[in-house]
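Single-structure report; data block below.
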Amino acid sequence: MYIDEIKKRFADDLFATQSAGIVPVEAGEGYAVCRLEINQSHRNAMGGLMGGVVFTLCDFAFAIASNGLDKPYTMTLSSSISFLSQPKGKIVTARADKIKEGRHASFYEVTVTDEFDNIIARALFNGYRISGEEKQG
């Protein structure tokens, strides 16, 4: 199953998977869905969901969507995020979707929703695909 292979490929992304607790739940050509169950360690001093947690969720969904299982390594060139509201409930989900992908450059949009389908944030990612030789250098 594709998602099981994705989980194996990204298992060493320890900040996202272990520190933040993000779980990939669905992926395919040009898209990925990741989920996070909010706990107390994800909260800021005001009790809301920390912006860095939301950004990490977006970044991980982008990484999975843009790299997949057999694509060359894609790195983030630039990104931006707009925080729209605090989530209701305990689950937030990010869906990354490919908007455009060229030979080297790509553009993805990530939407974060809570368990009631309220939009929490939207992020845009520009990626750059590099070859194995560039990755090692």
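The values are calculated or read from the model by the stated rules, or taken from the named source; none is laboratory data. Since the model is a prediction, treat every value here as computed from it, not as a measurement. As a convention, Cβ positions derive from the backbone with ideal geometry for all residues, glycine included, and neighbour counts pool all protein chains shown.
Test each condition in (1) surrounded by 13 or more Cβ atoms within 10 Å (Cβ to Cβ); (2) within 16 Å of D114 (Cα to Cα); (3) among the small types (G, A, S) for G51 and report the one that comes out false.
Just one mismatch for G51, condition (1).
Can you name the condition, by its number, that E37 falls short on among (1) surrounded by fewer than 14 Cβ atoms within 10 Å (Cβ to Cβ); (2) in contact with a Phe, Trp or Tyr (Cβ under 7 Å, 6 or more places away or on another chain)?
Condition (2) is where E37 drops out.
For segment 28-42, give me each residue that is within 27 Å of Y108 (Cα to Cα) and outside any strand (DSSP E or B).
E29, G30, I38, H42
Just checking, does segment 9-21 include any residue being modelled with pLDDT of 95 or more, in contact with a Lys or Arg (Cβ under 8 Å, 6 or more places away or on another chain) and in a loop (DSSP other than H, G, I, E, B)?
Checked against the condition, which is being modelled with pLDDT of 95 or more, in contact with a Lys or Arg (Cβ under 8 Å, 6 or more places away or on another chain) and in a loop (DSSP other than H, G, I, E, B), segment 9-21 yields no hits at all.
How many of the residues making up segment 99-117 are touching a residue at least 40 places away in the same chain (Cβ under 8 Å), within 24 Å of I38 (Cβ to Cβ) and among the charged types (D, E, K, R)?
0
Within segment 43-96, work out how many residues are touching a residue at least 12 places away in the same chain (Cβ under 8 Å) and in a loop (DSSP other than H, G, I, E, B).
13
So in segment 99-124, with the set limited to residues that are among the small types (G, A, S) and farther than 15 Å from S78 by Cβ, which one is surrounded by the most Cβ atoms within 10 Å (Cβ to Cβ)?
Checked segment 99-124; the qualifying residue surrounded by the most Cβ atoms within 10 Å (Cβ to Cβ) is A121.
For residues that are among the hydrophobic types (A, V, I, L, M, F, W, C) and in a loop (DSSP other than H, G, I, E, B), tally how many sit in segment 97-130.
Restricting attention to segment 97-130, the residues satisfying the condition of being among the hydrophobic types (A, V, I, L, M, F, W, C) are 99, 105, 107, 110, 112, 116, 119-121, 123-125, 130.
Narrowing further to those that are in a loop (DSSP other than H, G, I, E, B): 116, 130.
Of the residues in segment 97-130, 2 are among the hydrophobic types (A, V, I, L, M, F, W, C) and in a loop (DSSP other than H, G, I, E, B).
Of (1) surrounded by 15 or more Cβ atoms within 10 Å (Cβ to Cβ); (2) under 20 Å from T17 (Cβ atoms); (3) out of contact with any Lys or Arg (no Cβ under 9 Å at 6 or more places or on another chain), T93 satisfies all except one. Which?
Of everything listed in (1) surrounded by 15 or more Cβ atoms within 10 Å (Cβ to Cβ); (2) under 20 Å from T17 (Cβ atoms); (3) out of contact with any Lys or Arg (no Cβ under 9 Å at 6 or more places or on another chain), T93 misses just condition (3).
Examine segment 125-133 for a residue that is surrounded by 15 or more Cβ atoms within 10 Å (Cβ to Cβ) and under 16 Å from V33 (Cα atoms), and state whether such a residue exists.
For segment 125-133, residues surrounded by 15 or more Cβ atoms within 10 Å (Cβ to Cβ) and under 16 Å from V33 (Cα atoms): present.
Could you tell me which of the residues G47, G51, G30 is closer than 22 Å to S78 by Cα and out of contact with any helix residue (DSSP H, G or I) (no Cβ under 9 Å at 6 or more places or on another chain)?
Values: G47 fails: closer than 22 Å to S78 by Cα; G30 fails: out of contact with any helix residue (DSSP H, G or I) (no Cβ under 9 Å at 6 or more places or on another chain).
When all the criteria are applied, what remains is G51.
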